[in-house]
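The values are calculated or read from the model by the stated rules, or taken from the named source; none is laboratory data. Values in this document were obtained by computation on a predicted structure and should not be read as measured data. Please note: Cβ atoms are built from the backbone with ideal geometry, for glycine as well, and neighbour counts cover all protein chains shown.
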Amino acid sequence: MNPMEEKKGRFLDTIRNPEDLRKIAVRDLPEVCDELRDYIIDAVSANPGHFGASLGVVELTVALHYVYNTPYDLLVWDVGHQAYGHKILTGRKDLFHTNRKYKGISGFPKREESEFDTFGTGHASTSISATLGMAIASKLKSEDDRKIVAVIGDGAMTGGMAFEGLNNASAQNSDLLIILNDNNMAIDPNVGGISQYLLNISKSQAYNRIKRDVWEGLGKLHRFGYKLRSAIQKNQHALKNILLKENNLFEAFNFRYFGPVDGHNVIYLTKVLRDLKKIPGPKLLHIVTRKGKGFKQAELNQTKFHAPGRFNKATGEIYTCDCDVDKAPKFQNVFGETIVELAEKNKKIVGITPAMPSGCSLNLMMKKIPGRAFDVGIAEQHAVTFSAGLAAQGLIPFCNIYSTFMQRAYDQVIHDVAIQNLHVVFCLDRGGLVGEDGATHHGVFDLAYMRNIPNMIVSAPMDEIELRNLMYTAQLEGMGPFSIRYPRGCGISVSWKKPFRKIEIGKGRVISEGEDIAILTIGKPGIFAKRAVNKLQKENISAALYDMRFIKPLDEAILHTVFKTFDKIITVEDGVIKGGFGSAVAEFMAQNGYSAKIKILGVPDSFIEQGTQEELYRECGFDMHGIYTAVKTFVEK
Ligand SMILES: Cc1ncc(C[n+]2csc(CCOP(=O)(O)OP(=O)(O)O)c2C)c(N)n1
């Protein structure tokens, strides 16, 4: 049963789609917003997901679906983590209790899920390019009455792609509305020149005074430009720097800039949007909102409540996860604590993250050694080339990027780092199947996309102690590009703070000897394989287990031994089968004239949706049970 069924909402219960919403009187929209907000709080406290961002855009969501003729008018949510209200208003209220669950609805907009999800998202800064494409398509199809709107946060606005979109949109002069949702936060506080610029506009008393005069007092928005200019003339000194076309960032891009307006006044927002509908050409509406609006703890602790996990909706207390109870550390914390330890000894070490300081735990270094750890904004390409620059001058950057977001910076890895053989250490967090975030976020491609780059060392630790030792090894003098990928979540070692040990490059290790079959693993699946081997042993199946540690260079000594000893080999990886670790082993076999039966366990050639990590490991067949079954059937054949 849908646990939300009992929740009563006078208006929300009547809204099956935006058409129902449009039947409600404007004066009642604040109540609709209250109900929608309550619904999100109830749902996300029990079934975790992204939280603060959706609360912040409740009024905007209601106003957009109220004013625009969705789904004919096209609405694109950048990143899409703030689209819960949108999902609830567009026919998915009754399914919302399955949000992010296995076989449930996705936590992000997804085209195949609803006609209201006009563009799939998950990674930041794509909305302007996507909506520009839609606007041009509408023009070419002569659908002149179709309106197109992108909603982008100030965090996503720091991504280079957003500016590539703005630049191109200005050349196309297309009919497009970009709504910039400015809450001065990414997941952590937003950083850089853009956020400062937006803050300056929002906080300028002179600007806000004139805005009142012009916008509310003098007349209609579509005459805004003219009225504003005459008002500016009266207040020239104070306003010149803020509003003139040459000085307003967005106006300089040929967008007409409107705002900032209060993004929590739903009635006013509907008025503004109605007016903007009448203005042709590229427009940008700057709204100011509060992340977590309406839930006190989320407003006060915006980073924690970005995606808090389960929490008590009455007290705001966040329930601890199983790892905390077990005291096994998360891999990200091992990274965070280890980089501080290493950087305190090796002054050349610097840390870089593109907007994920708390996600990857580089915030520990930012706090302890502030001058040497950098949050560069949602800018993966820049993060890599910035690291290359640091390395070119003799520093040793640890560039920590989630595996899935590193896809953005592939050319920078090759062109700026690998070709120049620069000593940059890539720490790819969230490698493998990440769980509830689903297809857009699984870090399953990195082993395949890193191993074909010359000069690159590609490694994946099986547990926390291995991660520490690989990080230690990677910062030693004489290294080049070095990639270390590790998964989301906890490891197994409760006491992981052992003294550092150098790991020989390209050297794997024997976990257990065996006779019937060899299992070769890379990364965390080695833990599952170890459990499978123990279980098989009780059934008198003797499997040798090797944790290869490196996918490049491969441990050829181990491989020669394995191919000489066994005719049945299973490889296991938490990544795509095509081009990954198993492929590397098969290539080795072919090139060295061996023959054996190889079974490759990993992620198949399809996009894996959301679920718990355990559910997805099982689906792909490389959890403990999957490995056990694969070995058993292989051996008994
Ligand atoms: C390319 C990319 N890098 C990093 C992320 C991780 N991420 C998800 S939401 C977010 C912050 C977005 O901030 P903003 O656009 O201002 O939206 P808000 O959450 O403040 O509403 C980040 C960094 C991502 N989704 N995509």
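Can you give me the ranges of the helices (runs of 4 or more DSSP H) entirely in the stretch 294-372 with at least 2 residues that are under 24 Å from GLY107 (Cβ atoms)? Write out each step before concluding.
Numbers: elements: 296-300, 322-326, 331-345, 357-360, 363-368.
So the answer is 296-300, 322-326, 331-345, 357-360.
A residue that is within 16 Å of the ligand (Cβ to nearest atom), modelled with pLDDT under 95, surrounded by 19 or more Cβ atoms within 10 Å (Cβ to Cβ) and in a strand (DSSP E or B) occurs nowhere in the stretch 189-202.
Only one of these is assigned to a loop (DSSP other than H, G, I, E, B) and in contact (Cβ under 8 Å) with a residue 24 or more places away in the chain: PHE607, PHE563, PHE588, PHE634. Name it.
PHE607
Just to be sure before I move on: is ALA448 within 16 Å of the ligand (Cβ to nearest atom) and out of contact with any Pro (no Cβ under 6 Å at 6 or more places or on another chain) in the structure I sent? It is false that ALA448 is within 16 Å of the ligand (Cβ to nearest atom) and out of contact with any Pro (no Cβ under 6 Å at 6 or more places or on another chain).
Within the stretch 338-374, being away from the ligand (no atom under 16 Å from the Cβ), aliphatic (A, V, I, L, M) and under 28 Å from PRO308 (Cα atoms) holds for ILE339, VAL340, LEU364, MET365, ILE369, ALA373. For first residues located in the stretch 353-371 and on the phi > 0 side of the Ramachandran plot, partners that are within 11 Å of the ligand (Cβ to nearest atom) and lie 6+ apart or on another chain with Cβ distances below 6 Å form the pairs ALA355/ALA186; ALA355/GLY377; ALA355/ILE378. The single condition from (1) touching a residue at least 24 places away in the same chain (Cβ under 8 Å); (2) among the hydroxyl-bearing types (Ser, Thr, Tyr); (3) surrounded by fewer than 16 Cβ atoms within 10 Å (Cβ to Cβ) that THR571 fails is (3).
From the list ARG111, ARG146, ARG100, pick out the single residue that is under 28 Å from TYR402 (Cα atoms), away from the ligand (no atom under 16 Å from the Cβ) and among the basic types (Lys, Arg).
On the way: ARG146 fails: under 28 Å from TYR402 (Cα atoms); ARG100 fails: away from the ligand (no atom under 16 Å from the Cβ).
Matching residue, one of ARG111, ARG146, ARG100: ARG111.
Hey, can you tell me all the residues within the stretch 435-455 that are among the hydrophobic types (A, V, I, L, M, F, W, C) and surrounded by fewer than 24 Cβ atoms within 10 Å (Cβ to Cβ)? Break it down into steps so the answer makes sense when it comes.
Within the stretch 435-455, the subset among the hydrophobic types (A, V, I, L, M, F, W, C) is 439, 444-445, 447-448, 450, 453.
If the condition is that a residue be among the hydrophobic types (A, V, I, L, M, F, W, C) and surrounded by fewer than 24 Cβ atoms within 10 Å (Cβ to Cβ), then ALA439, PHE445, ALA448, ILE453 are the ones that fit.
A Cβ distance below 8 Å, combined with a sequence gap of six or more or placement on separate chains, defines the contacts here; from the stretch 148-166, residues that are acidic (Asp, Glu) reach residues that are in a strand (DSSP E or B) and modelled with pLDDT of 95 or more in the pairs ASP154/LEU180; ASP154/ASN181; ASP154/ASP182.
Looking at this structure, is TYR402 hydroxyl-bearing (Ser, Thr, Tyr), over 19 Å from ALA307 (Cβ atoms) and within 18 Å of the chain's Cα centre (by Cα)? Spell out how you get there, then give the answer.
Working: hydroxyl-bearing (Ser, Thr, Tyr): yes; over 19 Å from ALA307 (Cβ atoms): no; within 18 Å of the chain's Cα centre (by Cα): yes.
Criteria not met by TYR402.
Taking the stretch 610-631 as the range and being outside any helix (DSSP H, G or I) and of a type outside the set (Ser, Thr, Tyr) as the test, the residues that pass are GLN610, GLY611, GLY621, PHE622, ASP623.
Yes/no per residue for (1) within 18 Å of ALA439 (Cα to Cα); (2) basic (Lys, Arg); (3) surrounded by 18 or more Cβ atoms within 10 Å (Cβ to Cβ); (4) in contact with a Cys (Cβ under 8 Å, 6 or more places away or on another chain):
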| site | (1), (2), (3), (4) |
| --- | --- |
| VAL32 | no, no, yes, no |
| ALA63 | no, no, yes, no |
| TYR68 | no, no, yes, no |
| VAL76 | no, no, yes, no |
| LYS103 | yes, yes, no, no |
| SER106 | yes, no, yes, no |
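Quick grid of which residues meet (1) within 18 Å of PRO109 (Cα to Cα); (2) not hydrophobic (A, V, I, L, M, F, W, C):
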{"residue": "ALA46", "(1), (2)": "no, no"}
{"residue": "GLU59", "(1), (2)": "no, yes"}
{"residue": "ALA63", "(1), (2)": "no, no"}
{"residue": "GLN82", "(1), (2)": "yes, yes"}
{"residue": "LEU89", "(1), (2)": "yes, no"}
{"residue": "ARG92", "(1), (2)": "yes, yes"}
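From the list ILE136, ILE128, pick out the single residue that is more than 14 Å from the ligand (Cβ to nearest atom) and either under 26 Å from VAL191 (Cα atoms) or of a type in the set (Val, Ile, Thr) (or both). Outline the logic, then answer.
Details: ILE128 fails: more than 14 Å from the ligand (Cβ to nearest atom).
Criteria check complete, one pass: ILE136.
Take the conditions (1) of a type in the set (A, V, I, L, M, F, W, C); (2) surrounded by 20 or more Cβ atoms within 10 Å (Cβ to Cβ); (3) more than 21 Å from VAL151 (Cβ to Cβ); VAL57 misses just one of them, which is (3). Listed by first and then second residue, the pairs linking a residue in the stretch 30-41 that is free of Cβ contacts under 8 Å to residues at least 60 places away in the same chain to a residue that is among the hydroxyl-bearing types (Ser, Thr, Tyr) and in a helix (DSSP H, G or I), with Cβ atoms under 7 Å apart and 6 or more places separating them unless they lie on different chains, are ILE40/SER54; ILE40/TYR84. Before we move on, is PRO487 in contact with a strand residue (DSSP E or B) (Cβ under 6 Å, 6 or more places away or on another chain) and part of a loop (DSSP other than H, G, I, E, B)? Taking the combined requirement at face value, the residue satisfies it.
Filter the stretch 414-443 down to the residues that are of a type outside the set (Gly, Ala, Ser) and either without any contact (Cβ under 8 Å) to a residue 40 or more places away in the chain or more than 16 Å from the ligand (Cβ to nearest atom) (or both) and list them by number. Break it down into steps so the answer makes sense when it comes.
First, pick out the residues of the stretch 414-443 that are of a type outside the set (Gly, Ala, Ser): 414-417, 419-430, 433-434, 436-437, 440-442.
Of everything in the stretch 414-443, those that are of a type outside the set (Gly, Ala, Ser) and either without any contact (Cβ under 8 Å) to a residue 40 or more places away in the chain or more than 16 Å from the ligand (Cβ to nearest atom) (or both) turn out to be ILE414, HIS415, ASP416, VAL417, ILE419, GLN420, ASN421, LEU422, HIS423, VAL424, VAL425, LEU433.
Among the listed residues ILE492, ILE503, identify the single one that is modelled with pLDDT under 95 and either on the phi > 0 side of the Ramachandran plot or in a loop (DSSP other than H, G, I, E, B) (or both). Quick ask: steps written out before the conclusion?
On the way: ILE503 fails: modelled with pLDDT under 95.
The match here is ILE492.
Residues of the stretch 89-131 that are closer than 18 Å to GLY52 by Cα, part of a loop (DSSP other than H, G, I, E, B) and over 15 Å from the mean Cα position of the chain (by Cα): ASN99 alone. Of the residues examined, TYR68 is one that is under 26 Å from ILE267 (Cα atoms), more than 16 Å from the ligand (Cβ to nearest atom) and in contact (Cβ under 8 Å) with a residue 12 or more places away in the chain. Considering every residue within the stretch 531-547, establish whether at least one is aliphatic (A, V, I, L, M), crowded, with 22+ Cβ neighbours inside 10 Å, within 36 Å of the chain's Cα centre (by Cα) and in a loop (DSSP other than H, G, I, E, B). No: zero hits.
Looking across the stretch 164-185, the residues that are within 14 Å of the ligand (Cβ to nearest atom) and within 20 Å of ILE201 (Cβ to Cβ) come down to ILE178, ILE179, LEU180, ASN181, ASP182, ASN183, ASN184, MET185.
For the stretch 307-330, the criterion of being buried (at least 18 other Cβ atoms within 10 Å of the Cβ) and among the hydroxyl-bearing types (Ser, Thr, Tyr) is met by none of the residues. GLN302 satisfies every condition listed in (1) buried (at least 24 other Cβ atoms within 10 Å of the Cβ); (2) within 13 Å of the ligand (Cβ to nearest atom) except (1). Taken over the stretch 164-188, residues that are at pLDDT 90 or above, in contact with a Pro (Cβ under 9 Å, 6 or more places away or on another chain) and not in a loop (DSSP other than H, G, I, E, B) amount to 7.
Here's the yes/no breakdown for (1) surrounded by fewer than 19 Cβ atoms within 10 Å (Cβ to Cβ); (2) of a type outside the set (Lys, Arg):
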position	(1), (2)
ARG485	no, no
ARG488	no, no
VAL494	yes, yes
ARG509	yes, no
ILE519	no, yes
